[in-house]
Amino acid sequence: MFVSGITVIALVTIYLKSRGHLEFINDSHIHDLAKFMFGISIFWTYLWFSQFMLIWYSNIPEEVTYFITRIEDYNILFFGMVAINFLFPLLILMNSDFKRVNWFVITAGIFILLGHYLDIYVMVMPATVGESWFIGMPEIGSFMLFAGIFLLVIFNTISKAPLLAKGDPFIGESKHFHY
């Protein structure tokens, strides 16, 4: 969830900057957010693969069934989720110059959020519906409902407070930050 949080922060920051509300944000700030997105995506892959390899290698029947069910019944989603959460951030955000281009960061962010939604889906659904899974209106609608509530609360809260912290001793340094 940490990488999803950083990704949402980057997407909201890019959106507010494009609307002129964060004129003090420069490309180096976006670059740093994209570095966090890249680094935490790689860290997520390390943790996911470590868990997978530990369970698979130990070959404890009660534990291995977790992955066997997902590989057999959710094959496309399982390997697609791994590819989206690892390969897309790796390929898109590896280059340092791409981290400064807003549409690359937005594309990577959309893939990261989609990949982690699929990760949660693959974690939960085999235990609840077994092999009778599908992605339809309930899944898409619930995602859109919570995304809408989130955006309503965030933008409503942001509109009531100044976006630039007053009295911060490092604000001048942050305004002129360059990588």
Check your understanding: Mind checking whether some residue in the stretch 11-24 is part of a loop (DSSP other than H, G, I, E, B), open to solvent by less than 50 Å² (accessible area, probe 1.4 Å) and either in contact (Cβ under 8 Å) with a residue 60 or more places away in the chain or touching a Ser or Thr at 6+ places or on another chain (Cβ under 7 Å) (or both)?
Key -> yes
Check your understanding: Regarding PHE134, is this residue open to solvent by 80 Å² or more (accessible area, probe 1.4 Å) and either part of a helix (DSSP H, G or I) or under 23 Å from VAL8 (Cα atoms) (or both)?
Key -> no
Check your understanding: Is it true that some residue in the stretch 81-97 is modelled with pLDDT of 85 or more and small (Gly, Ala, Ser)?
Key -> yes
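Listed here are the residues, each with its yes/no results for (1) within 26 Å of the chain's Cα centre (by Cα); (2) surrounded by fewer than 10 Cβ atoms within 10 Å (Cβ to Cβ); (3) at pLDDT 85 or above; (4) in a helix (DSSP H, G or I).
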| site | (1), (2), (3), (4) |
| --- | --- |
| PRO138 | yes, yes, yes, yes |
| ILE149 | yes, no, yes, yes |
| ILE154 | yes, no, yes, yes |
| LEU164 | yes, no, no, no |
| GLY172 | no, yes, no, yes |
| TYR179 | yes, no, no, no |
Exercise for review: Determine whether ILE112 is touching a helix residue (DSSP H, G or I) at 6+ places or on another chain (Cβ under 9 Å) and either buried (at least 16 other Cβ atoms within 10 Å of the Cβ) or part of a helix (DSSP H, G or I) (or both).
Suggested key: yes
Practice item. Might you check whether a residue that is in contact (Cβ under 8 Å) with a residue 12 or more places away in the chain and under 16 Å from the mean Cα position of the chain (by Cα) occurs anywhere in the stretch 66-80? Key: yes
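The values are calculated or read from the model by the stated rules, or taken from the named source; none is laboratory data. Computed from a predicted structure; not experimentally measured. Because the Cβ atoms are built from the backbone with ideal geometry, glycine has one as well, and the counts that use them run over all protein chains shown. The protein model used for the area step is the full one, side chains on, heavy atoms only, and it has no ligands, DNA or RNA in it. Shrake-Rupley method; radii C 1.70, N 1.55, O 1.52, S 1.80 Å.
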